[in-house]
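A.B. asks: Before I ask anything, here is the structure I am working with.
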Amino acid sequence: MSGKKRLIDENGLRVDGRRWNELRPLKIEVGILSNVDGSARIIQGKTHILVGVYGPRESFAKHVSLPDRSVVRCRYRMAPFSVEERKSPAPSRREIELSKVIREALEPAILVEEFPRTIIDIFIEVLEADGGTRCASITAASVALADAGIPMKDLVAACAVGKADGKLIVDLSDMEDKYGEADVPVAIMPNKNIITLLQMDGTLTSDEFNALLQLAMKGCKRIHEVQRKALKDGFGEIKNLVLEE
Amino acid sequence: MGEKVRSRSIVFPGDLIAEGSFRAGAYTYTEGNKIFSSVFGLCEIKNRVVNIIPLQGFYIPRVGDNVIGVIIDNSPTSWQVDINSPYIAVLQFSDALSKPVDVAREDIRRYLKSGDVILAEVIAFDKLRSPLLSIKGKDLGKLENGTLITFSPVKVPRLIGRRGSMINMIKKELSCKIIMGRNGRIWISSTDPQIVNLVRKIISLVEEESHLPGLTDKVKSLIVKERGNIDR
């Protein structure tokens, strides 16, 4: 599968110069869109994603809402210019599947029972894709939900781990995803250590899988720190707090 | 056991706030005897009650609240009212008019029509049914000859201030009637663009600095400065 491509050189460095356990440079910003209730932008290496959240709000199509909980809807979309070869703007099978996977990774964290009869809309726009878009989308969407003030059990942080050239690696880039031996995206609620997304593509021994899961947990915790910092920075200077009434 | 974070510190969704004999207040959830924050906000622990004051959020109706609503539609028995909330409110004709109306004979839009702004009281709400409003009461009813400004509902307590200190100061300084809705809406009984602009500036100052001290003084000096420009 790995063919002739070398993903890890003799010094143990990956194609983009990272060590095996290094994350790509990660930047998250909140509150960047004004027409939505909550928003976030994530730049993880060359991956660049924008997320907007509406809600909770009453659904105009009444049959969509449920009497006992809020309905979460999610749309993951890749811009035509997000990949090297132009992507058709029509929703692809992959986009529809990822929308569902991302929604199911976020839903357990949202306290949906608090807002019956409403809907929460999450719109994810991938502007540039360089691997790990589903994980970056989950990370950013969870921050956007917090930015909208939607009550949640915990943030959700996601990180991909995998195997390339026989070595276990963290936070895969597009090359490593395509030509590596395995890709395991993981999303967790970092305060609770609950896994909300776990997928696997490729071949791994069970020992390797267990080791990777531990690496993913560590990666997610580091991403969680960045999420918290982003929320805090989005609110400007916070010191000498005052509370009134 | 005990408090896990300092009162008045910043908390994130999922943060453990306290463990043991505490009472869970607004924007928290419990697992056993542990209390967690459910939003991004400021934590407040007073008399062993844990509350989170959210920094972002929306308005959830509460019975007894005065809200400013905008009529969006009418049905054969009621008006639908946008109250800047996840839930659309209902104002029944019987809670608005003193005598019964026959919709078949009379055009209900004579009384209230789409786009009208009202000050109303929430009289019933339980999340399973739409919030019910009433405009029968002192000072309630249609608002006319003024300007509506909408802002973040979580900033309402700050704009009111301690026992109304902030809003009373603004009213006094601007000498125009200002009506506050709990749902993040404010009605200024003035169509003077300079006054309206000044109120907008005040609100954006409050929104940006709601968590910083000395806000009332800052707002006051902003008014004094801007009023100089208006008089001239």
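A.B. asks: Would you say residue B:38 is within 15 Å of residue A:150 (Cα to Cα) and not assigned by TED's automatic domain parsing to the domain that holds residue B:134?
C.D. replies: Criteria met by residue B:38.
A.B. asks: Can you tell me which of A:156, A:161 is more than 14 Å from chain B (Cβ to nearest Cβ) and either β-branched (Val, Ile, Thr) or over 30 Å from residue B:210 (Cβ atoms) (or both)?
C.D. replies: A:161
A.B. asks: Another question, then. I need the strands (runs of 3 or more DSSP E) fully contained in segment B:1-86, keeping only those with at least 2 residues that are polar (S, T, N, Q).
C.D. replies: Correct list: B:28-31, B:66-74, B:78-82.
A.B. asks: Got a sec? Which of A:196, A:118, A:139 is surrounded by fewer than 24 Cβ atoms within 10 Å (Cβ to Cβ) and within 16 Å of the chain's Cα centre (by Cα)?
C.D. replies: A:196
Listed here are the residues, each with its yes/no results for (1) within 14 Å of another protein chain (Cβ to nearest Cβ); (2) under 14 Å from the mean Cα position of the chain (by Cα); (3) surrounded by fewer than 21 Cβ atoms within 10 Å (Cβ to Cβ).
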| residue | (1), (2), (3) |
| --- | --- |
| B:57 | yes, yes, no |
| B:60 | yes, yes, yes |
| B:64 | no, yes, yes |
| B:67 | no, yes, no |
| B:74 | no, no, yes |
| B:78 | no, no, yes |
| B:82 | yes, yes, yes |
| B:88 | yes, no, yes |
| B:92 | no, no, yes |
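A.B. asks: Sticking with this structure for a sec: Being under 23 Å from residue A:33 (Cβ atoms) and either within 14 Å of chain B (Cβ to nearest Cβ) or not in a helix (DSSP H, G or I) (or both) narrows it down to one residue among A:119, A:138, A:102; which is it?
C.D. replies: That would be A:119, the only listed residue that is under 23 Å from residue A:33 (Cβ atoms) and either within 14 Å of chain B (Cβ to nearest Cβ) or not in a helix (DSSP H, G or I) (or both).
A.B. asks: Also: Please determine whether any residue of segment A:224-244 is farther than 22 Å from residue A:145 by Cβ, in contact with an Asp or Glu (Cβ under 6 Å, 6 or more places away or on another chain), at pLDDT below 90 and within 9 Å of another protein chain (Cβ to nearest Cβ).
C.D. replies: Within segment A:224-244, one or more residues are farther than 22 Å from residue A:145 by Cβ, in contact with an Asp or Glu (Cβ under 6 Å, 6 or more places away or on another chain), at pLDDT below 90 and within 9 Å of another protein chain (Cβ to nearest Cβ).
A.B. asks: If a residue must be touching a residue at least 40 places away in the same chain (Cβ under 8 Å), part of a loop (DSSP other than H, G, I, E, B) and within 14 Å of chain B (Cβ to nearest Cβ), how many such residues does segment A:37-74 contain?
C.D. replies: Number of matching residues: 8.
A.B. asks: Show the residue pairs that are 6+ apart or on different chains and have beta-carbon atoms under 6 Å apart, the first residue being within segment A:79-108 and farther than 22 Å from residue A:43 by Cβ, the second being crowded, with 18+ Cβ neighbours inside 10 Å.
C.D. replies: A:103/A:72; A:103/A:74; A:107/A:72; A:108/A:196
A.B. asks: While we're on this one: Hey, among the residues in segment B:100-119 that are within 10 Å of residue B:71 (Cβ to Cβ) and outside any loop (DSSP other than H, G, I, E, B), which one's farthest from the chain's Cα centre (by Cα)?
C.D. replies: B:109
A.B. asks: Might you let me know whether segment B:120-130 holds any residue that is over 18 Å from the mean Cα position of the chain (by Cα), over 16 Å from residue A:58 (Cβ atoms) and part of a loop (DSSP other than H, G, I, E, B)?
C.D. replies: No, every residue in segment B:120-130 fails to be over 18 Å from the mean Cα position of the chain (by Cα), over 16 Å from residue A:58 (Cβ atoms) and part of a loop (DSSP other than H, G, I, E, B).
The values are calculated or read from the model by the stated rules, or taken from the named source; none is laboratory data. What you see is a predicted model; the values in this text were computed from it and never measured. We place every Cβ from the backbone using ideal geometry, glycine too, and count neighbours over all the protein chains shown.
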